[in-house]
Amino acid sequence: MLDYITSYLSSNTTPGQAGNVFWALVYIMIVFGGVSVAVMAMNWLERKALAHFQIRLGPMRVGPHGLLQPIADAIKLLTKEDIIPAEADKFVFWLAPLIILCASFTVYIVIPFGPTHAITDLNIGILFMLGVSSLSVLGVVMAGWASNSHYPLIGALRSSAQMVSYEVAMGMAVVSAILMTSLNKTGTGTLSMIGIVQAQQSQQMWFIFKFFPLGFIAFGIFAIAMVAETNRAPFDLPEAESELTAGFHTEYSGLRWSLFMLGEYAAMIAVSSIAVTLWLGGWLRPFPNTLTGDTWDLVFSLIPGLLFLGLALIAFVGVVRMPKHPYFRIQTVGLAGFGAVLGLIGLILFIPPVRDRIQDIFWFSAKVAVFMYLYIWYRATFPRYRFDQLMKVGWKVLLPVAIGVLILTAIMGVLL
Amino acid sequence: MQPVATTFFFYFLSALTVLSGVLVITQKNAVHSALALIFGLLAQAGLYLMLYAPFVAGVQIILYAGGIMVLFLFVIMLVNLERAQKEEQFNKQWLVGVLAALALGGLLVAVYLKGGQLFPQHIAQPVESSNTQEIGVMLYGNYMFAFEIASLLLLVAIIGAVVMAKKRI
């Protein structure tokens, strides 16, 4: 038994490929926990950043700078009364949030946080991700229909039309990236997520810069389509509050509503990871080919620790700037403790064995975090589209451009 | 990669497929039928995975469960379900039904009894790691012409749908 557990550690593959059930379960737990924590952090960051965009303070009361606000929200949502409308279809109403949650968490099976840090590496990785994440539209449609109410039904209809149309442009953009993986000696590409990153490594180029500007345009199309896929601003018509109150989840409350939110944020992280894997080199650090050598390796491996130390420094600046009134004493101590934890994590990341193992995961998460910030930025910046404009952009702009890029990529691949 | 608990998953997925297939025809509400159909299709995708055909499984999920069933639900939601629920669920066609059931049952029994000789005894070597690549080479190499004809057919169907849906383009 113990041998079964330890044998994986020296195998140098993902647990799924090694066929090790124990480590697969451990990885699943870690990913599930990590994503849930990331969703909570994202929730806080979104409210905070959005408030600062609008020259407000955002949550300030629960914990220092509102740091405990997500936890307070979670407790509130869990203890709220669970309401099912009298005329609703109870079973479908119950099933819809579960489908969204399952669809958005199942895709994490194939996301490669590093060459060995994925739950498994499927031969159909990217196809699996697109397929399973497209299942979440079923949950949206079911939620809208089961609520037996006007706003949710209109929201669900809008949402399904939007998601189905943007999936097409998204798929075309993805195909042009997969086409680039086949530019090797054997001439066959790969759909495996790990294989796609390794192709970028062996071609010594992130696919966003490949055949410039073709890779860049494909990436741009994906970046637009993925915002529409996750129903986020400026494409958040299914939940446009000025017209439809909250769209398909108007009738949901308490725990079920929080499941919708969890699913939405998990899906945002998942599609961002697709973009990072396909175009931004996945777990590869910046400039792996030009800035080589032991010195550069050392410099880049110190960045995770330095980042956490910087965060700790910001927290301590916050401690110093906290008002000196006795009312704020607990908050000051709390913020200092938070800073100390961040600093400790930073110091742990400097230990050489940890430093080497954490690097892949750090670069992948950092790239995904940029996308997460972009989501907030879009929401603060762009006004919402009208529905006919949305359809026009999807079908008449993104899709033809994506097909053109695909054809040009194929021609370039044959010529070069 | 060594598969885990193959027998259990085979019977689990098969039972799920059969159960949801029965639910599709017995449910009175059309939306419930469609949901049962989705579960059946997903279980089938699992069975394809067990047969070392990951590409077919992925396409099954992305096309049937994700694409076609969404359109099904889309249409069903716009139909007046209350009128449909008052209509009779089964057509009383006992003679045809009994004949079809007997024919299919006889086929099942025949395969069960003689299946050993009908199918090859040895198990085909699974080529899971290059399955997708081989399908790609087949489609764009050996069966290029048939593939192109099929895609042309689909294009005609798309244009036809647009022409029928819109009087003035």
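Worth pointing out:
- Single match in A:188, A:106 (criterion: surrounded by fewer than 19 Cβ atoms within 10 Å (Cβ to Cβ) and either in contact with a strand residue (DSSP E or B) (Cβ under 8 Å, 6 or more places away or on another chain) or farther than 21 Å from residue A:231 by Cβ (or both)): A:188
- All helices (runs of 4 or more DSSP H) inside region A:1-66 with 3 or more residues being without any contact (Cβ under 8 Å) to a residue 24 or more places away in the chain and not small (Gly, Ala, Ser): A:2-9, A:21-53
- Meets criteria (small (Gly, Ala, Ser) and farther than 18 Å from residue A:37 by Cβ) for residue A:275: yes
- Test: residue in region A:43-55 that is buried (at least 16 other Cβ atoms within 10 Å of the Cβ), aliphatic (A, V, I, L, M) and under 16 Å from the mean Cα position of the chain (by Cα): yes
- Checking each residue in region B:46-62 for being farther than 24 Å from residue A:166 by Cα and either within 11 Å of chain A (Cβ to nearest Cβ) or not in a helix (DSSP H, G or I) (or both) picks out B:48, B:49, B:51, B:52, B:53, B:54.
- Candidates A:290, A:295, filtered to the one that is outside the structural domain of residue A:372 (by TED's automatic domain parsing), farther than 20 Å from residue A:43 by Cα and not in a loop (DSSP other than H, G, I, E, B): A:295
- Those helices (runs of 4 or more DSSP H) of region B:63-160 in which at least 3 residues are more than 23 Å from the chain's Cα centre (by Cα), at pLDDT 85 or above and more than 14 Å from chain A (Cβ to nearest Cβ), considering only elements entirely within it, cover B:94-118.
- Listing of helices (runs of 4 or more DSSP H) fully contained in region A:110-202 that carry 3 or more residues being more than 26 Å from residue A:214 (Cβ to Cβ) and more than 8 Å from chain B (Cβ to nearest Cβ): A:136-146, A:150-181
- Every residue from region A:12-28 that is away from every other protein chain (no Cβ under 12 Å) and within 18 Å of residue A:357 (Cβ to Cβ): A:12, A:23, A:26, A:27
- Flag for residue B:22 being under 16 Å from the mean Cα position of the chain (by Cα), among the β-branched types (Val, Ile, Thr) and within 12 Å of chain A (Cβ to nearest Cβ): no
- The number of residues in region A:345-369 that are modelled with pLDDT of 90 or more and loosely packed, with under 14 Cβ neighbours inside 10 Å comes to 0.
- Filter result for residue A:339 (within 30 Å of residue A:117 (Cβ to Cβ), of a type outside the set (A, V, I, L, M, F, W, C), modelled with pLDDT of 80 or more and not assigned by TED's automatic domain parsing to the domain that holds residue A:210): yes
- Being part of a helix (DSSP H, G or I) and within 30 Å of residue A:203 (Cβ to Cβ) holds for only one residue in A:307, A:342, and it is A:307.
- Output for region A:183-199, where each listed residue is modelled with pLDDT of 80 or more and more than 22 Å from residue A:407 (Cβ to Cβ): A:192, A:193, A:194, A:195, A:197, A:198
- Being assigned to a helix (DSSP H, G or I) and in contact with a helix residue (DSSP H, G or I) (Cβ under 6 Å, 6 or more places away or on another chain) holds for only one residue in A:235, A:222, A:211, and it is A:222.
- If you check A:279, A:283, A:296 for being without any contact (Cβ under 8 Å) to a residue 12 or more places away in the chain and surrounded by 14 or more Cβ atoms within 10 Å (Cβ to Cβ), only one passes: A:296.
The values are calculated or read from the model by the stated rules, or taken from the named source; none is laboratory data. All figures in this text were calculated on a predicted structure; none of them were measured in a lab. Here Cβ is always computed from backbone atoms with ideal geometry, including for glycine, and neighbour counts include all displayed protein chains.
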